1. Please calculate how many Å² of accessible area the range 76-120 carries per residue, with a 1.4 Å probe and no DNA, RNA or ligand atoms counted.
2. Counting only C-alpha contacts under 8 Å and six or more residues apart, can you give the relative contact order of the range 197-355 as a whole percent?
3. Could you calculate the FRET efficiency of residue 340 with residue 180 from 1/(1 + (r/R0)^6), where r is the beta carbon distance between them and R0 is 35 Å, rounded to 0.05?
4. Could you please state, rounded to a whole Å, how far the C-alpha centre of the range 263-341 is from the C-alpha centre of the range 224-257?
5. Taking a point 7 angstrom from the Cα of residue 306 along the C-beta vector, which residues in the range 239-267 have backbone N less than 20 Å away?
6. Grab the other residues whose beta carbon is less than 11 angstrom from that of residue 204, score K and R as +1, D and E as -1, and report the net.
7. In nm, what is the difference between 0.36 nm times the number of residues separating residue 256 and residue 353 and their Cα-Cα distance?
8. Give me the percent relative contact order of the chain, please, defined on Cα pairs under 8 angstrom at least 6 residues apart.
Amino acid sequence: MNITTDLDQVSPDYNKPPEGYEWWYFDGISHDGEFSFVIIFYHENPFSTKKIKKLESDPLQTGAHPAISVSVYRNSKPVYYSFLEFKENAFHWDADQLSLKVENNSFRYDLKNNEFSYELYLDQQLPSGYELKGSITGKGPVTDSTLLSSESKDKHLWNLVLPALEFKADLNMKGKNGEEVIETEGLGYHDHNIGYEPMKESFKDWYWGRYHFKDFTLIYYLMEKHDDKQFEAWLIDRENRTVLEHFGEAELSYKSSNVFGLRSARKIDLKKPHVTVNINLKDKIDDGPFYQRFIGNSVINYRGQVYAAQGISEYIYPDYIYKKIFWPLVHMRLNYAEDATHWVQKSPLMYPWTW
């Protein structure tokens, strides 16, 4: 894993090989813990069965597969979900404005007075009749490019653009619970990932997550590669943007399998002589054949004091992306621009069953 916090590396890499992928990830949890979201813009969607099939028939095929996935949760339950893939010409990056647009959805960066911010705008109407329109803004102090860094020969770049940020959401939503207006604020996170080979070639599985405590943020990743393991975590002072603690070892326990045979740990422990971190992946909010997302609880015993926080954790087992037995399930969730809409996605009753 190549790790950076470099604001100069937020632009799309158009020189990725055909089997590469790229995404911009945004998340947040409201201060009261009731509302949370995860929004991902893709230049090359690594979960696209259309992309995989094209590469199988022509490894040198060209043409991007831009997409957007949106998940909105209330009290750890999904109330809105979409995964939309678009034609290549729907993707547009403006280098001068530092803005990205995919169809009617966009985000724009801004840098002022040592503060880096984004403004994200969504405008979606789904075949099920569900809708989402509005904006989310996020901001945080500029992070030094060397705050979190690691160089390797790996073909994956993880750029933690804003490890911790404050967000405000103003959304009009028609979802599982009917029509509602969401006006809230809280703490969030934003990163940018680029892969130069299929994920399954880079690693076997990957745990990662972030937990915002009162004055500091915990970010971790635990990656099992094909020939070794890479475990790292950082405790970051949000005000001073410095690393308070670095962890190089982790213990995983309480592994369990879902109905698809995906097996992941539900408890993660990080330890050093004067600090212990316990992460419990409490509520499973996305559960698929190759990917899981959790709302978790973390407790830190640090310098004689105990801190607690709620956060988002994720797990992926990329080899299962290529198991075609799971593809019918993918097609129920992922809407392809050039294909007929799956009948499940047209049903406001059946579609939430796939979330």
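1. Value for the range 76-120: 54 Å² per residue.
2. Over the range 197-355, the number comes to 18 percent.
3. Working: r = 30 Å, r/R0 = 0.87.
Given R0 = 35 Å and the Cβ-Cβ separation, E is 0.70.
4. First find each Cα centre; the distance between them is then 14 Å.
5. The answer is 267.
6. Spelling it out: positives minus negatives among the neighbours equals -3.
7. Numbers: separation 97, 0.36 × 97 = 34.92 nm, distance 2.17 nm.
Between residue 256 and residue 353, full extension yields 32.7 nm more.
8. Here the relative contact order equals 16 percent.
The values are calculated or read from the model by the stated rules, or taken from the named source; none is laboratory data. Nothing here was measured: the structure is a model prediction, and the numbers come from that model. Note: ideal-geometry Cβ built from the backbone for every residue, glycine included; neighbour counts use all protein chains shown. We work out accessible area using only protein heavy atoms, side chains counted, and drop any ligands, DNA or RNA first. Shrake-Rupley method; radii C 1.70, N 1.55, O 1.52, S 1.80 Å.
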